[in-house]
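This report concerns only the one structure given below.
The values are calculated or read from the model by the stated rules, or taken from the named source; none is laboratory data. Computed from a predicted structure; not experimentally measured. Here Cβ is always computed from backbone atoms with ideal geometry, including for glycine, and neighbour counts include all displayed protein chains.
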Amino acid sequence: MRIFLAGATGVVGRRLVPWLRDADHTVIGTTRAASKVPAVERLGAIPAVVDVLDGAAIGRALSEAGASIVIHQLTDLSATPNTPEFAAALERNARLRLEGTANLMAAASAAGVTRVIAQSVAFLYTPGDGPRTEGDPVEPGGVSVGALALERAVMGTPGIEGIVLRYGYFYGPVTWSESPRLRPALHIDAAAHAALLAVTRGAPGIYNIADDDGAVSIDKARRELGFEPDVRGA
């Protein structure tokens with residue numbers, strides 16, 4: 001299949017492209033910077049230089065890609081927590097989830113895409129007894145605003161099967177931590193592998209993707225996607 005990967009040079013995208021290529025998919029990978037084109041090519045993807053915040057540009061890119069599936073792994077969190085730049089990074093990331101996702105879904109619909117897999121977060125649930133399931137209530141405000149807007153856009157576009165992967169806090173290579181710090185935790189390789197699984201498995205809907213650390217239930221992802229959190233080695 002031809003897959004349009006929005007965010008090919010991100011922390012998940014870099015680990016996902018080789019798995020998609022090994023599964024014989026053709027990957028069109030986006031980057032906002034022309035300087036990153038060689039990096040996309042080294043991964044084995046066809047580069048597309050485009051900013052998802054430019055609706056017309058992302059529409060052209062998806063039309064030219066001829067893809068049937070879109071994977072949305074776009075983030076903008078270049079600053080680390082507890083630094084002066086982090087607040088601005090959170091604002092940029094929220095804009096990507098709100099405006100960027102809306103542009104991407106409009107472009108996907110116009111291009112005849114049939115399935116969209118998107119990255120959300122699993123640390124938005126209201127506290128309660130036992131692991132949180134996909135149907136449990138979420139905290140209002142904060143990170144939930146952008147994440148829920150993304151989820152509504154992905155799952156609410158007519159004619160498109162929308163799959164939302166609610167990721168835990170990343171750890172592993174090129175993340176903010178080599179080992180789990182916060183729950184729900186998730187190794188970056190397992191995050192990428194879950195997106196690979198969702199290309200061909202799972203009904204539309206929300207899936208918690210995290211370590212089996214008691215914070216969220218991953219039963220649905222295990223049952224419907226075949227997800228296992230101990231997968232390593234993209």
*Can you pull out the residues in the range 93-106 that are of a type outside the set (Asp, Glu) and either surrounded by fewer than 16 Cβ atoms within 10 Å (Cβ to Cβ) or at pLDDT 85 or above (or both)?*
Arg95, Leu96, Arg97, Leu98, Gly100, Thr101, Ala102, Asn103, Leu104, Met105, Ala106
*Scan the range 186-216 for residues that are assigned to a loop (DSSP other than H, G, I, E, B) and buried (at least 19 other Cβ atoms within 10 Å of the Cβ) and jot them down.*
Gly202, Ala210, Asp211, Ala215
*Consider only pairs whose beta carbons are under 7 Å apart and that are at least six residues apart or on different chains; among these, list those whose first residue lies in the range 146-175 and is surrounded by fewer than 24 Cβ atoms within 10 Å (Cβ to Cβ) and part of a helix (DSSP H, G or I) and whose second residue is among the small types (Gly, Ala, Ser) and modelled with pLDDT under 95.*
Gly146/Ala94
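Test Arg183 against the stated conditions and say whether it is crowded, with 24+ Cβ neighbours inside 10 Å and closer than 18 Å to Pro131 by Cβ.
Spelling it out, it is not the case that Arg183 is crowded, with 24+ Cβ neighbours inside 10 Å and closer than 18 Å to Pro131 by Cβ.
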*From the list Arg181, Arg201, pick out the single residue that is closer than 21 Å to Phe4 by Cβ and not small (Gly, Ala, Ser).*
Arg201
*Which of the following residues is basic (Lys, Arg) and more than 23 Å from Leu104 (Cα to Cα): Arg183, Arg152, Arg201, Arg166?*
Arg183
*Looking only at the range 105-121, which residues are out of contact with any Leu (no Cβ under 8 Å at 6 or more places or on another chain) and not in a strand (DSSP E or B)?*
Met105, Ala106, Ser109, Gly112, Thr114
*Can you name every residue in the range 176-185 that is among the charged types (D, E, K, R) and either farther than 22 Å from Val17 by Cα or part of a strand (DSSP E or B) (or both)?*
Arg181, Arg183
*Which one of these does Ser179 not meet: (1) out of contact with any strand residue (DSSP E or B) (no Cβ under 7 Å at 6 or more places or on another chain); (2) free of Cβ contacts under 8 Å to residues at least 24 places away in the same chain?*
(1)
*Just give me the residues in the range 123-155 being within 17 Å of the chain's Cα centre (by Cα) and not aliphatic (A, V, I, L, M), in sequence order.*
Phe123, Glu134, Ser144, Gly146, Glu151, Arg152
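How many of the residues making up the range 9-35 are more than 14 Å from the chain's Cα centre (by Cα), in a strand (DSSP E or B) and crowded, with 17+ Cβ neighbours inside 10 Å? Reasoning before the result, please.
Of all residues in the range 9-35, those more than 14 Å from the chain's Cα centre (by Cα) come to 18-28, 31-35.
From what's left, in a strand (DSSP E or B): 26-28, 31.
From the residues that got through so far, the ones that are crowded, with 17+ Cβ neighbours inside 10 Å too are 27-28, 31.
Count: 3.
Matching residues to (1) of a type in the set (A, V, I, L, M); (2) at negative phi; (3) in contact with an Asp or Glu (Cβ under 8 Å, 6 or more places away or on another chain):
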residue	(1), (2), (3)
Arg183	no, yes, yes
Ala192	yes, yes, no
Leu197	yes, yes, no
Ala210	yes, yes, no
Asp213	no, yes, no
Lys220	no, yes, yes
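Specify the residue that is farthest from His187 (Cα to Cα); the eligible residues are those in the range 123-145 that are polar (S, T, N, Q) and either modelled with pLDDT of 95 or more or not in a helix (DSSP H, G or I) (or both). Steps first, answer last, please.
Just the residues of the range 123-145 that are polar (S, T, N, Q), to begin with: 126, 133, 144.
Retained after the next criterion (residues that are either modelled with pLDDT of 95 or more or not in a helix (DSSP H, G or I) (or both)): 126, 133.
Numbers: Thr126: 23, Thr133: 20 Å.
The qualifying residue farthest from His187 (Cα to Cα) is Thr126.
Just give me the residues in the range 21-33 being closer than 17 Å to Ala48 by Cα, at pLDDT 95 or above and of a type outside the set (Lys, Arg), in sequence order.
Answer for the range 21-33, where residues must be closer than 17 Å to Ala48 by Cα, at pLDDT 95 or above and of a type outside the set (Lys, Arg): His25, Thr26, Val27, Ile28, Gly29, Thr30, Thr31.
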